[in-house]
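Structure, as structure tokens:
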Amino acid sequence: MHFAYNLFKCLHIVAAIIWIGGLVTVNVLNARLARSADRTVLQTIVGQNRFFGRSVVAPAAGITLLAGLVMILVSGIGLPIWVIWGLAAIIVSMALGMTLLCRTGAASLRIARTDDASGKSPGSRATQRA
């Protein structure tokens with residue numbers, strides 16, 4: 001039991017570090033790069049954010065959840081309040097990631113694709129001049 005518990009505890013901690021650290025890193029980079037006037041950079045970053053969220057952050061959150069559940073089953077501790085809070089935090093985080101952050105990412109991509117603050121697409125000025 002101790003080996004399995006310790007193995008899943010290590011996996012749980014590493015996955016939580018990747019999950020939370022990844023979210024913090026992406027948000028810090030986004031805040032810095034949002035000030036960039038280079039639309040190509042913004043488009044690239046938004047695309048990479050989607051990839052990173054789907055291939056690194058979401059799986060890390062899932063592994064954190066699964067490893068935590070296995071630790072509960074292996075240890076037989078039941079459901080203390082801190083476990084319930086942890087489950088609630090993961091569920092809220094995943095729900096926000098699937099709803100709010102996806103919409104924010106789509107809005108960021110639309111902004112990155114616009115030519116200026118008026119909301120016109122990159123070719124619209126040339127079309128108006130013609």
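Bear in mind these aren't lab numbers, they're just calculated from the coordinates by the rules spelled out. Here the structure is a predicted model, which means the values were calculated and not measured. Methodologically, a virtual Cβ is constructed for each residue, glycine included, from the backbone with ideal geometry; neighbour enumeration extends over all protein chains shown.
For Arg35, state whether it is without any contact (Cβ under 8 Å) to a residue 60 or more places away in the chain, basic (Lys, Arg) and within 19 Å of Gly97 (Cβ to Cβ). No; evaluated as a whole, the condition is false for this residue.
Scanning region 1-60 for residues that are surrounded by 12 or more Cβ atoms within 10 Å (Cβ to Cβ), hydroxyl-bearing (Ser, Thr, Tyr) and within 20 Å of the chain's Cα centre (by Cα) yields Thr25, Thr44. Going by the structure shown, is Ile63 in contact (Cβ under 8 Å) with a residue 24 or more places away in the chain and β-branched (Val, Ile, Thr)? When the stated conditions are applied, Ile63 passes them.
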